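Visitor: Could you have a look at this structure, given as structure tokens, before my questions?
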Amino acid sequence: MKAMFLGFFLSIGLSLQAYAQEALPSEPAIEGTISDQIDAFLADDFDRAFTFASPNIQSLFGSPDRFGAMVRQGYPMVWRPGDVTFLALREINGRLWQRVMIRDREGRVHMLDYQMIDADGRWRINGVQIVPAPDAGV
């Protein structure tokens with residue numbers, strides 16, 4: 001009985017998430033911001049990569065060097081990607097999320113969601129989430 005209720009509430013939660021999510025047409029400026037940051041990482045230009053981060057992220061890390069260290073340690077697939085493919089841009093609860101598929105240099109596939117914000121008329125990256133494998137096809 002408990003499992004039945006848990007399954008029911010889980011399915012309602014997934015249904016509500018689907019309603020809160022709206023697919024949008026691709027936005028070249030958003031894709032450009034992410035691509036430009038990845039290009040900066042490939043060149044180990046953390047000063048430039050830091051300029052694509054939102055003011056909140058810049059404040060959180062304080063310096064390009066600390067930001068670069070976090071990316072190298074926590075997001076090695078972004079620091080040294082093999083292939084990068086832009087997937088769906090979605091609006092979820094009023095926030096824009098760009099799904100990106102990155103194949104690392106060892107051939108492993110990673111799905112990431114980039115939260116994007118408009119800061120002073122420029123798209124900036126306000127956070128990146130690694131998407132767990134079961135949701136990777138979304």
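The values are calculated or read from the model by the stated rules, or taken from the named source; none is laboratory data. Here the structure is a predicted model, which is why all the values come from computation and not from measurement. Because the Cβ atoms are built from the backbone with ideal geometry, glycine has one as well, and the counts that use them run over all protein chains shown.
Visitor: May I ask you to list pairs of residues, at least six apart or on different chains, whose Cβ atoms are under 6 Å apart, with the first in segment 103-131 being on the phi > 0 side of the Ramachandran plot and the second being at pLDDT 95 or above and not in a loop (DSSP other than H, G, I, E, B)?
Guide: Listed by first residue and then by second, the contacts come to G127/Q115.
Visitor: Against the definition (over 12 Å from the mean Cα position of the chain (by Cα) and buried (at least 19 other Cβ atoms within 10 Å of the Cβ)), how does A119 come out, yes or no? Steps first, please.
Guide: Working: over 12 Å from the mean Cα position of the chain (by Cα): yes; buried (at least 19 other Cβ atoms within 10 Å of the Cβ): no.
When the stated conditions are applied, A119 does not pass them.
Visitor: Of all the helices (runs of 4 or more DSSP H) wholly in segment 1-93, which have at least 3 residues that are modelled with pLDDT of 95 or more, out of contact with any His (no Cβ under 9 Å at 6 or more places or on another chain) and surrounded by 13 or more Cβ atoms within 10 Å (Cβ to Cβ)?
Guide: Details: elements: 2-20, 28-42, 46-50, 55-61, 64-74, 76-79.
It comes to 28-42, 46-50, 55-61, 64-74.
Visitor: Same structure again: State the number of residues belonging to segment 79-135 that are over 24 Å from P64 (Cβ atoms) and basic (K, R).
Guide: Summing the residues that are over 24 Å from P64 (Cβ atoms) and basic (K, R) in segment 79-135 gives 5.
Visitor: Sticking with this structure for a sec: Could you list, ordered by first residue, the pairs with Cβ atoms under 8 Å in which the first is in segment 43-56 and acidic (D, E) and the second is part of a loop (DSSP other than H, G, I, E, B) and modelled with pLDDT of 95 or more, at least 6 apart or interchain?
Guide: Once the first residue is acidic (D, E) and sits in segment 43-56, no partner that is part of a loop (DSSP other than H, G, I, E, B) and modelled with pLDDT of 95 or more comes close enough.
Visitor: Quick check on R103: is it assigned to a strand (DSSP E or B), out of contact with any Leu (no Cβ under 9 Å at 6 or more places or on another chain) and surrounded by 12 or more Cβ atoms within 10 Å (Cβ to Cβ)?
Guide: Values: assigned to a strand (DSSP E or B): yes; out of contact with any Leu (no Cβ under 9 Å at 6 or more places or on another chain): yes; surrounded by 12 or more Cβ atoms within 10 Å (Cβ to Cβ): yes.
Here the answer is yes, as R103 does meet what is asked.
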